[in-house]
Amino acid sequence: MSEARFPRGVFTLSLDFELIWGTLDLFGTDGFGEACARERAVVVDRLLALLVEHRISATWLTVGHLMLERCVGTHPEVVRPSHRWVSGDWFGADPGGDEATAPLFFARSLIERVRACPVPQEIGGHSFSHVIYGDPGCSRAAAESDLDALVAAASSMGLRLTSFSFPRNVVGHQDALRARGFEVFRSPEPAWHRGAPPLVRRLGHLADVVLARRPPVVMPRQEPDGLVSVPGSMIYFPRHGLRRLLPIALRVRRARKGLRDAVRERAVFHLWTHPTNLADDMEDMLGGLGTILAEVGALREQGRLDVRTMGELRPPEAGAA
Ligand SMILES: [Zn+2]
């Protein structure tokens, strides 16, 4: 084994926090409006309580628009992407207003709750308006102006962001991140079906879960552009559609395998999800996540596992323990 390893296994939890912005271009405000309303009303608080209970510092990769105090809904500062599945203006559904009048579009008070969590949480970025950076319809100017708007929104809350995840995990224009202070981003899982046609990928992922196949453990990698990439290991995915049929215990079993491998290989088990993903069957989904986090806590007690946020991940020095 030539690659340097960590002194112990590492667990990292990253959360893409986006409310309605994550699905607006696909399903409008109706598609996930109810789930997002539950996310705002209860999921975020319950999730924070779980993180406190198990003393887990997570990374909240947050859509910049949620950080705004208010807006007028037009955003001339953002160069529009031209995604082929979107007709009309990119901000056409943005009603403007504030958290009280447009609660699915703004979330400053929730971000403040994350920031006030007694177990420190990291706040990172997930674009300003969920532009798909790696899509051909996202020009350089579109990506840069979206990033600039994200950084401005964050600094209006006194936040300096260093971690990033790409909307839909589609990597693009990553060299624009470094110039804006970002240091680490989440890259796609190194799954066997990555790069296959969408249906094969979907079925492949289902098979991984049904068979509780061991998820990959990963290492942070220094990229040529100065950023560090950290692949995801496993998504804790929602109970929608076909996935409803899969008992949560299977997700938990897979995660346990990942944790054991992280300990054995002194590498990272990087679990990720969206708080929205917990909104359906919330008690069961939170219960499953709680079981995983309890296991993390037990392994940490035994001195076999560290918990790190994305911002705390760097490739270990060669020759280190
Ligand atoms: Zn707006």
Test of understanding: extend the Cα→C-beta vector of Q302 to 7 Å, then name every residue of region 247-275 with backbone N under 11 Å from that spot.
260-261, 263-264
In debye, nearest 20: dipole of region 1-70 around its Cα centre with unit charges on the Cβ of K, R (+) and D, E (-)?
380 debye
Inter-probe distance in nm under a simple model that places probes 7 Å from Cα toward Cβ, at L250 and T101
4.6 nm
Note the per residue figure in Å³ for the convex hull of the C-alpha positions in region 1-91.
200 Å³
Normalised by the number of residues in region 184-321, what is the relative contact order in percent for Cα pairs under 8 Å and 6+ residues apart?
28 percent
In 5 Å bins starting at 0, how do the alpha-carbon pair distances of region 124-223 split up by percent?
2, 11, 20, 20, 15, 13, 10, 6, 2, 0
Percent RCO, i.e. relative contact order, over the chain, from Cα pairs under 8 Å lying at least 6 residues apart:
28 percent
Just the Cα atoms of region 72-120: what Rg and Dmax do they give in Å?
14.8, 44
From a point 7 Å beyond the Cα of L159 in the direction of its Cβ, which residues of region 2-23 have a backbone N at a distance under 18 Å?
13-23
Can you list residues from other chains, or at least 5 along the same chain, whose modelled amide H is less than 5 Å from the amide H of E223?
V228, S229
Alpha-carbon spread of the chain, three principal axes, descending order, Å
52, 43, 42
Within region 81-118, backbone nitrogen closer than 12 Å to the virtual label 7 Å beyond the Cα of A37 toward Cβ:
103-104
What residue among I20, S87, A153 has its Cα farthest toward the positive end of the dipole of the chain, where the charges are +1 on Lys, Arg and -1 on Asp, Glu, each on the Cβ?
I20
Nearest 5 percent is fine: what portion of the DSSP beta bridges confined to region 9-312 is antiparallel?
15 percent
Using a Gaussian network for the chain with springs between C-alpha atoms less than 10 Å apart, which of these wobbles most: W21, W60, W85?
W85
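Every number here is computed from the coordinates shown, using simple stated rules; none is lab data. Note that the structure is a prediction, hence the values are computed from the model and not measured. Methodologically, a virtual Cβ is constructed for each residue, glycine included, from the backbone with ideal geometry; neighbour enumeration extends over all protein chains shown.
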